[in-house]
Amino acid sequence: MICEKILGKLSAFDVSGKNVDYVDIDWDDAFKKIHRKTTAQGREVGIRLDDSVLTRGLTEGDVLYADGELIIAVHTPPCEMIRLTIDPDHRAQVAKACYEIGNRHAPLFAGEDDLTFLTPYNEPMLHMLSHIHGVDAQKVVLTPDFEKRISSGGHSHVHHH
C-alpha cells in the first residue's frame, strides 16, 4: 500500500467500527519524504509525500490512509531527549546553550516555559550542555512536540570552505 498524503488528524475522523492501525515514525524520520514501514498490525506501507513534509513533519495522529474499514495513522514513539533548564539568574545563557545545539545541527524544541528547551539525546551533547554555567541538562524520555519545534537541525544548508 502506498500513502501519498496526510489526510488530517485522527481526532477528526470517525473511527467507530473501523480498524485503526498505526505506523511508528521516529522523530528523526519525521521529516523524510519516503518511508518503507510495517504497521503495528503487520501491513507493508510505502509512504511517499510531497515537499511539505520537509517543514511540517509527520506527527502523532496524522492519518495516512482511510477507507470504510481501515485507518492508518502515525504514532511517534517516545525517545531519549535532553531537557535543558536555564537558571532564571542566568538568562543570558539561553543564547549560548541554543547556539551550541544549533552549531551541532541538532533539532531544538521549546520546553514547558521560556527557560526550558529540549534536544535529542546523545552523550557528547549532554556532557557539553551540562558544563555551561547556569544550565541544568537532564536525560529524559518523551515524545517531542513538533508544534514546539524551534529549529529542525539536520543538514539542509551547505558550509562553504
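The values are calculated or read from the model by the stated rules, or taken from the named source; none is laboratory data. Computed from a predicted model, the values in this text were never measured in an experiment. With ideal geometry, Cβ positions are generated from the backbone for all residues, glycine too; neighbour counts draw on all protein chains shown. The accessibility values were calculated without ligands, DNA or RNA, using every heavy atom of the protein model including side chains. Shrake-Rupley method; radii C 1.70, N 1.55, O 1.52, S 1.80 Å.
Structure notes:
- Shown in residue order for region 143-150 are the 3J(HN,Hα) couplings computed by the Karplus curve 6.51 cos²θ - 1.76 cosθ + 1.60 at θ = phi - 60°: 9, x, 9, 5, 5, 9, 6, 9 Hz (x for Gly and Pro).
- 3J(HN,Hα) from dihedral phi, region 30-43, Karplus parametrisation 6.51/-1.76/1.60, rounded to Hz, x for glycine, proline: 5, 10, 8, 7, 10, 9, 10, 9, 10, 6, 4, 9, x, 7
- For the chain, size of Cβ-based charge dipole, Lys and Arg +1, Asp and Glu -1, in debye: 400
- For region 58-104, GluC sites (Glu not before Pro) are listed when DSSP marks them as loop and at most 14 other Cβ atoms sit within 10 Å of their Cβ; the list is 69.
- Backbone HN-Hα couplings from phi across region 53-69 [Karplus 6.51/-1.76/1.60, Hz, Gly and Pro as x]: 5, 5, 9, 7, x, 8, 10, 3, x, 5, 8, 9, 8, 8, 9, x, 10
- Using C-alpha pairs under 8 Å with a sequence gap of at least 6, the mean separation divided by the residue count of the chain gives a relative contact order of 22 percent.
- Rounded accessible area per residue of the chain, 1.4 Å, Å²: 57
- Database remark: amide H of residue 65 closer than 5 angstrom to the amide H of 72 (H placed geometrically; neighbours at sequence offset of 5 or more, or on other chains; Pro and chain starts carry no H).
- Nonpolar atom fraction for the chain, defined as the carbon and sulfur part of the 1.4 Å probe accessible area, stands at 52 percent.
- Amide H contacts of residue 81 (H built 1.01 Å from N, in plane; Pro and chain starts excluded): 121, 140, 141, 142 sit under 5 Å, all sequence-distant by 5 or more or on other chains.
- Close amide-amide hydrogen proximity is noted between residue 31 and 58, each under 5 Å apart and 5 or more residues distant or on a separate chain (H modeled in the peptide plane; Pro and chain starts excluded).
- All-pairs Cα distance distribution in region 65-121, expressed in whole percent, bin size 10 Å: 20, 40, 16, 14, 9, 2
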